[in-house]
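*Asks:* Handing you this structure, nothing more for now.
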Amino acid sequence: MENGLLKKLSGLSRAAMHKGRSLLNKKAATGHIPQAGKKSEVLIVPAGEHSVTRKAIGRSALKVLDKLHEAGHSAYLVGGGVRDALVGLKPKDFDIATDASPETIRSLFRNSRIIGRRFRLVHVVYGREIIEVATFRAAHSKGAGGEIGAAGRIVRDNVFGSIEEDAYRRDFTVNALYYNIADDSVVDYVGGLADLESGTFRLIGDPLTRCAEDPVRVLRAVRLAAKLEFEIDPKTLSAMEQIATELKSTPPARLFEEVLKLFQGGYALRSFRSIREHDLLRFLFPLLDKRLKAGAPELEGMIDAALINTDKRVAAGKPITPAYLLAFMLWPDVEEYAMLDSEKGMPITDALQLAADSVLSTQLRITSIPRRFSGPMKEIWQMQPRLERLRGARALKLMEDRRFRAAYDFLCLRATVDDRLKESASWWTKVQTLPEEQRIDAAAKRPVALDIWPSDIGADVAPGEESAASATAGGPAKKKRRRRRRRKPAGDKGATPSS
Ligand code: ATP
Ligand code: MG
């Protein structure tokens with residue numbers, strides 16, 4: 001136990017941790033320790049006895065906290081920022097809670113805007129960084145700004161209140177810890193510190209009520225517990241199991257936000273596995289869930305590889321596009337539908353288009369996918385047969401496509417489970433390292449995988465152009481080549497370097 005405890009609180013200095021614990025013990029003896037999830041007195045851990053320091057907080061968040069404080073308001077960092085800093089993780093984003101009203105906050109920061117209906121809050125914008133500043137809220141049942149809908153769900157949550165009330169309306173105990181900019185202390189109303197120490201993920205208050213209020217908390221619990229490597233408290237887990245099916249009636253846009261967090265947090269593999277262990281994938285990607293449940297070890301391997309790749313990129317601070325992972329989640333079905341039409345002789349481009357529309361329309365009933373992602377997903381899919389079978393100039397032209405990188409990565413992952421694609425994938429890997437002149441020759445001679453799809457590509461690629469006939473370089477336009485071919489006598493392959 002002791003070891004687990006030390007490991008979990010690795011973010012605290014040893015001295016601070018022992019002080020922190022003796023503080024917890026003393027309070028417990030006098031009945032002051034907040035009991036996990038139950039209302040009780042506040043526990044305040046002074047500056048220097050915990051690891052949330054000004055240094056651990058981002059510059060922009062500090063600016064906001066300081067300005068609110070200087071203007072005479074109380075201002076606290078709260079949520080994931082405090083939680084992560086306490087366990088020694090780098091906080092992903094910073095949320096601030098204050099007693100200032102949204103209008104006051106708005107007037108203090110030129111670079112801010114009031115957003116949201118369900119939760120009215122203020123975004124303070126610093127370049128690409130957004131700091132969320134919310135006014136303390138009370139329970140939704142306490143005033144005219146709150147509204148409960150069918151099945152006990154919160155529809156509006158805009159009743160302002162005290163910091164203590166604000167703590168109780170948050171979701172999990174470890175998410176309701178506050179760092180006070182006035183004296184650098186950490187404030188705990190709900191037993192969050194004790195749960196951080198024991199590595200427990202627990203809903204605040206009555207688990208069933210709190211889960212029913214907002215079924216998305218089921219997904220949040222699984223994702224965040226996976227991130228922190230915490231155990232979900234048994235009562236919280238049982239409420240989650242009872243409420244999970246309510247995810248079916250969650251607005252698609254909200255579920256999509258959760259999917260993004262799942263993929264982009266830097267713990268995509270762990271979160272995805274946990275989502276599957278808790279049998280929640282059916283509420284996010286039902287088509288994929290069906291396949292995985294039917295047993296598809298190769299698909300599992302491919303998805304794991306894509307998720308590992310994503311986590312590595314996040315860790316290295318590289319940009320990731322959700323389109324790439326989303327394209328993966330839906331590809332097995334897109335491929336299967338398109339293959340059926342291709343077998344009937346439909347050109348692959350058309351077959352993929354139809355399949356993409358059909359699979360996306362099923363998925364959009366569950367999670368929204370904004371066009372800025374579905375567009376690139378379709379492009380990645382459409383590029384697959386081209387990467388497999390185009391030669392010569394047409395092949396080289398693909399490298400100029402803005403989706404080339406993602407589509408090439410996609411092909412490489414497909415190749416890890418489909419031997420027929422291995423040669424193509426390694427050819428693309430190699431050709432990118434070649435100098436310009438050698439590429440032309442390599443592209444003319446490249447081995448292609450013509451055995452994946454039964455039909456031709458179609459669209460602007462004429463049958464036969466996919467292989468030998470297009471073994472040329474120099475970027476010929478399709479019309480020019482066709483015209484020229486008509487004029488040349490039969491038997492001419494048009495393989496002149498200048499074509
Ligand atoms: P991360 O940002 O690492 O994903 P987080 O806990 O900071 O995790 P956010 O979505 O940024 O998650 O939310 C910030 C805080 O707002 C949470 O820590 C929690 O206190 C509160 N919160 C978020 N979503 C809910 C919810 N559905 N119900 C109640 N409180 C919530
Ligand atoms: Mg956060």
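*Asks:* Kindly list the number of the only condition in (1) surrounded by fewer than 15 Cβ atoms within 10 Å (Cβ to Cβ); (2) charged (D, E, K, R); (3) closer than 28 Å to Asn309 by Cα that fails for Asp441.
*Replies:* Every listed condition holds for Asp441 apart from (3).
*Asks:* I'd like the residue in the stretch 211-257 that is in contact with a helix residue (DSSP H, G or I) (Cβ under 7 Å, 6 or more places away or on another chain) and within 9 Å of ligand 1 (Cβ to nearest atom) and, out of all such residues, is farthest from Val87 (Cα to Cα).
*Replies:* Residue satisfying both the conditions and the ranking: Glu213.
*Asks:* When you look at Val174, is it open to solvent by less than 10 Å² (accessible area, probe 1.4 Å) and more than 20 Å from Arg120 (Cα to Cα), yes or no?
*Replies:* Spelling it out, Val174 is indeed open to solvent by less than 10 Å² (accessible area, probe 1.4 Å) and more than 20 Å from Arg120 (Cα to Cα).
*Asks:* Now for a different question. Looking at the structure I just gave you, is Lys55 of a type in the set (Lys, Arg), modelled with pLDDT under 95, under 26 Å from Gly161 (Cβ atoms) and away from ligand 2 (no atom under 16 Å from the Cβ)?
*Replies:* So Lys55 does not fit the description; no.
*Asks:* Right, something else. Look through the stretch 72-85, keep the residues that are in contact with a helix residue (DSSP H, G or I) (Cβ under 6 Å, 6 or more places away or on another chain) and of a type in the set (A, V, I, L, M, F, W, C), and return whichever of them is modelled with the highest pLDDT.
*Replies:* So in the stretch 72-85, the residues in contact with a helix residue (DSSP H, G or I) (Cβ under 6 Å, 6 or more places away or on another chain) come out as 75, 79, 83, 85.
Within this subset, residues satisfying the condition of being of a type in the set (A, V, I, L, M, F, W, C) are 75, 85.
Working: Ala75: 98, Ala85: 95.
This residue is Ala75.
*Asks:* State all residues of the stretch 58-96 that are without any contact (Cβ under 8 Å) to a residue 40 or more places away in the chain, within 16 Å of ligand 2 (Cβ to nearest atom) and assigned to a loop (DSSP other than H, G, I, E, B); if no residue qualifies, say none.
*Replies:* Matches in the stretch 58-96: Lys90, Pro91, Asp93, Phe94.
*Asks:* Do you know which of the residues in the stretch 200-210 that are more than 10 Å from ligand 1 (Cβ to nearest atom) and assigned to a loop (DSSP other than H, G, I, E, B) is most open to solvent (accessible area, probe 1.4 Å)?
*Replies:* Here the answer is Asp206.
*Asks:* Condition first: open to solvent by less than 50 Å² (accessible area, probe 1.4 Å) and modelled with pLDDT under 55. Can you find one or more residues in the stretch 460-469 that meet it?
*Replies:* Checked the stretch 460-469: at least one residue is open to solvent by less than 50 Å² (accessible area, probe 1.4 Å) and modelled with pLDDT under 55.
*Asks:* Does Arg313 satisfy the condition of being open to solvent by 10 Å² or more (accessible area, probe 1.4 Å), part of a helix (DSSP H, G or I), modelled with pLDDT under 95 and touching a helix residue (DSSP H, G or I) at 6+ places or on another chain (Cβ under 9 Å)? Give the derivation first.
*Replies:* Values: open to solvent by 10 Å² or more (accessible area, probe 1.4 Å): yes; part of a helix (DSSP H, G or I): yes; modelled with pLDDT under 95: yes; touching a helix residue (DSSP H, G or I) at 6+ places or on another chain (Cβ under 9 Å): no.
Considered against the rule, which asks whether it is open to solvent by 10 Å² or more (accessible area, probe 1.4 Å), part of a helix (DSSP H, G or I), modelled with pLDDT under 95 and touching a helix residue (DSSP H, G or I) at 6+ places or on another chain (Cβ under 9 Å), Arg313 comes out as no.
*Asks:* Let me ask something else about it. From the list Gly116, Gly88, which residue is open to solvent by 20 Å² or more (accessible area, probe 1.4 Å) and at pLDDT 90 or above?
*Replies:* Of Gly116, Gly88, the one residue that is open to solvent by 20 Å² or more (accessible area, probe 1.4 Å) and at pLDDT 90 or above is Gly88.
*Asks:* Can you tell me how many residues within the stretch 240-264 are open to solvent by less than 20 Å² (accessible area, probe 1.4 Å) and of a type outside the set (A, V, I, L, M, F, W, C)?
*Replies:* Selection size over the stretch 240-264: 2.
*Asks:* Restricting attention to the stretch 27-50, does a residue exist that is within 16 Å of ligand 1 (Cβ to nearest atom), open to solvent by 50 Å² or more (accessible area, probe 1.4 Å), at pLDDT below 95 and of a type outside the set (Ser, Thr, Tyr)? Please lay out each step first, then the result.
*Replies:* We begin by selecting, within the stretch 27-50, every residue within 16 Å of ligand 1 (Cβ to nearest atom); these are 34, 36-37.
Checking the rest, the ones that are also open to solvent by 50 Å² or more (accessible area, probe 1.4 Å) come to none.
No - not one qualifying residue is present in the stretch 27-50.
*Asks:* Identify all residues within the stretch 38-85 that are basic (Lys, Arg), closer than 20 Å to Asp99 by Cβ and within 31 Å of the chain's Cα centre (by Cα); write none if there are none.
*Replies:* Lys63
*Asks:* Ok, one more. Would you call Glu298 more than 20 Å from the chain's Cα centre (by Cα), open to solvent by 20 Å² or more (accessible area, probe 1.4 Å) and at pLDDT below 95?
*Replies:* Numbers: more than 20 Å from the chain's Cα centre (by Cα): yes; open to solvent by 20 Å² or more (accessible area, probe 1.4 Å): yes; at pLDDT below 95: yes.
Yes, satisfied.
*Asks:* Of all residues in the stretch 211-235 being basic (Lys, Arg) and within 16 Å of ligand 2 (Cβ to nearest atom), which is surrounded by the fewest Cβ atoms within 10 Å (Cβ to Cβ)?
*Replies:* Arg220
The values are calculated or read from the model by the stated rules, or taken from the named source; none is laboratory data. Quick caveat: nothing in here was measured; it's all calculated off a predicted structure. Every residue, glycine as well, gets a Cβ built from its backbone with ideal geometry; the counts of neighbours run over all protein chains shown. Surface areas here come from the heavy atoms of the whole protein model, side chains and all, with no ligands, DNA or RNA. Shrake-Rupley method; radii C 1.70, N 1.55, O 1.52, S 1.80 Å.
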